[in-house]
1. Of all residues in the range 1-23, how many are over 17 Å from the mean Cα position of the chain (by Cα) and surrounded by fewer than 15 Cβ atoms within 10 Å (Cβ to Cβ)?
2. Of all residues in the range 64-88, count the ones that are surrounded by fewer than 14 Cβ atoms within 10 Å (Cβ to Cβ), under 14 Å from the mean Cα position of the chain (by Cα) and more than 14 Å from residue 13 (Cβ to Cβ).
3. List every residue pair whose Cβ atoms lie under 8 Å apart, where the two residues are 6 or more positions apart in sequence or sit on different chains, the first residue falls within the range 40-59 and is on the phi < 0 side of the Ramachandran plot and surrounded by fewer than 10 Cβ atoms within 10 Å (Cβ to Cβ), and the second residue, located anywhere, is modelled with pLDDT under 75 and in a helix (DSSP H, G or I).
4. Any chance the range 24-35 includes a residue that's surrounded by 10 or more Cβ atoms within 10 Å (Cβ to Cβ) and at pLDDT 90 or above?
5. Can you find even one residue in the range 88-101 that is at pLDDT below 90 and either in a loop (DSSP other than H, G, I, E, B) or farther than 30 Å from residue 2 by Cα (or both)?
6. Given the options 55, 59, name the one that is in a helix (DSSP H, G or I), farther than 30 Å from residue 78 by Cβ, out of contact with any strand residue (DSSP E or B) (no Cβ under 9 Å at 6 or more places or on another chain) and at pLDDT 75 or above.
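The values are calculated or read from the model by the stated rules, or taken from the named source; none is laboratory data. The structure presented is a predicted model; accordingly, all values stated were derived computationally and were not measured. Cβ placement follows ideal geometry from the backbone for every residue including glycine, while neighbour counts extend to all protein chains displayed.
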């Protein structure tokens, strides 16, 4: 049973770390493509040209934030599962020794 728990912990940790890596790679790729905000023209024209890319950037930032948050939670849970499995192994070892005596 502890082997299954350990495998589950490693898988959860791997998925969490993979999601974090994908999040940071996506954020870096989007950061390289950031457009500048136009400053010439009338106020209505500037708002029209600037708001669409800003709203799109906000949506992407929220998406990446949620991905990073979920990745960190999965990584944390994977570590907790692995440490619980190790504590379970250590707790079983003395009990098995007492049964043999």
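1. 5
2. Residues that pass the stated criteria total 3.
3. Going by the 8 Å Cβ cut-off, the qualifying pairs are 40/46.
4. Within the range 24-35, not a single residue is surrounded by 10 or more Cβ atoms within 10 Å (Cβ to Cβ) and at pLDDT 90 or above.
5. In the first step, residues of the range 88-101 are kept if they are at pLDDT below 90; the result is 88-101.
Still in the list and also either in a loop (DSSP other than H, G, I, E, B) or farther than 30 Å from residue 2 by Cα (or both): 101.
Checked the range 88-101: at least one residue is at pLDDT below 90 and either in a loop (DSSP other than H, G, I, E, B) or farther than 30 Å from residue 2 by Cα (or both).
6. Step by step, each of 55, 59 is checked, and only 55 is in a helix (DSSP H, G or I), farther than 30 Å from residue 78 by Cβ, out of contact with any strand residue (DSSP E or B) (no Cβ under 9 Å at 6 or more places or on another chain) and at pLDDT 75 or above.
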